[in-house]
Amino acid sequence: MCIAVFLWQAHPLYPFFLLHNRDEHRSRPTEPVAWWDNGEILGGRDGLAGGTWLACSRNGKIAFVTNVREVGNVAEPKSRGELPVRFLESKKNPADFAKEVVMEAHRYNGFNLILVDLSSKSMIYVTNRSKDGDVLVSEVPPGIHVLSTASLDTPWPKAVRLRSNFEKFLEKHGGSELPAEEMANKLMTDTTKADKTKLSGIYSVDFEHSLSSIFVEANTEQGRYGTRSISAISVQISGEVAFYEKYLKEESWIEHTASYMVEQTGTG
């Protein structure tokens with residue numbers, strides 16, 4: 001379970017601005033945000049399957065994935081975390097990579113995938129759990145969007161709350177510089193839970209209630225579960241990217257930021 005709010009091509013200083021929470025079992029091996037072996041991909045890494053929930057590349061690509069809240073699983077599914085990695089490693093633009101994903105989407109459990117190419121100002125949303133049952137590929141329009149474990153911009157209570165609080169920050173700062181770390185630490189640590197009557201009804205009421213806050217802390221049969229990392233990615237019109245992460249290591253929260261300039265290489 002994850003949640004993200006992002007601003008796309010709708011701010012005078014930031015072509016892209018993202019706040020993101022990754023929720024996962026505490027026992028799942030995880031590596032914090034870092035440059036990967038080839039020095040081209042920056043992101044966190046799942047220590048079990050090797051993929052990522054959120055990462056970016058030096059050539060101006062960004063990708064992140066969430067699961068979809070559902071009952072039942074695909075037999076022997078492929079890891080959803082490999083999708084962002086494959087996009088970042090490929091030479092394909094978001095639309096072309098989305099076509100590749102469509103052909104094999106049935107092999108994954110439910111996912112939402114955001115593909116970004118800053119150079120071409122292109123953002124594509126892909127999900128294999130659309131309302132009509134088909135794989136949905138759509139271009140994301142400029143503006144503010146929220147993605148949780150339902151379709152993009154589904155107005156679940158936590159998504160509505162996050163969007164509203166995000167908009168208040170934007171109104172406060174207008175067209176000036178946004179305090180990414182402050183926003184991440186204020187907006188993404190919200191533990192307010194939804195009214196039980198407004199839950200989706202996919203899981204049990206008690207379990208869904210424990211997941212209904214932006215920042216999640218829950219106990220499950222598999223052990224402790226909840227928000228393990230809080231991230232902010234800001235991309236300035238100059239091409240400077242700042243990737244801030246606050247992650248949980250044992251019982252301590254550790255903060256760090258990595259920055260770089262987008263290489264203007266274009267995509268094919």
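We did not get these values from a lab; they are worked out from the coordinates using the rules stated. On a predicted model such as this, the values are computed, not experimentally measured, just so you know. Here the Cβ positions follow ideal geometry from the backbone for every residue, glycine too, while neighbour counts run over all protein chains shown.
With θ set to phi - 60°, apply the Karplus curve 6.51 cos²θ - 1.76 cosθ + 1.60 along region 42-56 and write out the HN-Hα couplings as whole Hz, x wherever there is a Gly or Pro.
After applying 6.51 cos²θ - 1.76 cosθ + 1.60, I find 10, x, x, 9, 6, x, 8, 9, x, x, 9, 9, 7, 7, 9 Hz.
So for region 2-261, considering every pair of alpha-carbon atoms, how many percent are separated by more than 32 Å?
Distances greater than 32 Å cover 15 percent of the Cα pairs.
Amide H to amide H under 5 Å from Asp190: which residues, 5+ apart in sequence or cross-chain, H placed 1.01 Å off N in plane?
So Asp190 has HN proximity to Phe215.
Compare the Cα positions of Tyr260, Met103, Phe87 along the charge dipole of the chain (+1 at Cβ of Lys, Arg; -1 at Cβ of Asp, Glu; about the Cα centre) and return the one farthest towards the positive end.
Farthest towards the positive pole: Met103.
Just to check I understand the Karplus step: with θ = phi - 60° and J = 6.51 cos²θ - 1.76 cosθ + 1.60, what whole-Hz values come out for region 107-112, glycine and proline as x?
Taking θ as phi minus 60°, the curve returns 8, 10, 5, x, 9, 10 Hz for region 107-112.
Can you list the residues, at least 5 places off or on another chain, whose amide H is less than 5 Å from the amide H of Ile41, using H built in the peptide plane?
Answer set, sorted by chain and number: Trp36.
Need one word for region 17-69: rounded, prolate or oblate. Basis is the Cα gyration tensor (sqrt eigenvalues a ≥ b ≥ c); a/c below 1.5 gives rounded, then a/b vs b/c decides.
Numbers: a/c = 2.19, a/b = 1.30, b/c = 1.68.
In terms of gyration-tensor shape, oblate.
With springs connecting C-alpha atoms under 10 Å apart, model the chain as a Gaussian network and identify which of Glu76, Glu208, Glu40 has the largest mean-square fluctuation.
Among Glu76, Glu208, Glu40, the largest GNM mean-square fluctuation belongs to Glu76.
Taking 7 Å along the Cα-to-C-beta vector as the label spot, tell me the Glu167-Ser259 distance in nanometres, rounded to one decimal.
My value for the distance between the label points is 3.2 nm.
By the gyration tensor of its Cα atoms, with a ≥ b ≥ c the square roots of the eigenvalues, what is the shape of region 223-268: rounded for a/c under 1.5, prolate for a/b over b/c, or oblate?
Working: a/c = 3.85, a/b = 2.49, b/c = 1.55.
Prolate, because a/c is 1.5 or more and a/b exceeds b/c.
Determine ³J(HN,Hα), in whole Hz, for all residues of region 11-24 in sequence, where each value follows from phi through the Karplus function 6.51 cos²θ - 1.76 cosθ + 1.60 and θ = phi - 60°; x replaces Gly and Pro.
9, x, 10, 10, x, 8, 8, 9, 10, 8, 10, 9, 10, 6
Counting Lys and Arg as +1 and Asp and Glu as -1, each charge on the Cβ, what is the dipole of region 223-262 about the Cα centre in debye, to the nearest 20?
Numbers: 4 positive and 5 negative charges, 32 e Å.
The calculated dipole for region 223-262 is roughly 160 debye.
For each pair in Lys158/Lys196; Lys61/Lys249; Lys172/Lys198; Lys61/Lys99, compute the distance between the two Cα atoms and list the pairs where it is over 20 Å. Before the final figure, lay out the partial values.
Details: Lys158/Lys196 12 Å; Lys61/Lys249 28 Å; Lys172/Lys198 29 Å; Lys61/Lys99 17 Å.
Over 20 Å apart, Cα to Cα: Lys61/Lys249; Lys172/Lys198.
Between Glu40 and Asp195, take the C-beta separation as r, use R0 = 35 Å, and let me know the FRET efficiency to the nearest 0.05. Before the final figure, lay out each step's value.
On the way: r = 45 Å, r/R0 = 1.29.
That pair, Glu40 with Asp195, gives E of 0.20.
Take every Cα-Cα distance within region 154-268, group them into 10 Å bins from 0 onward, and report for each bin the whole-number percent of pairs it holds.
So the P(r) values, bin by bin, are 12, 33, 31, 18, 6, 0.
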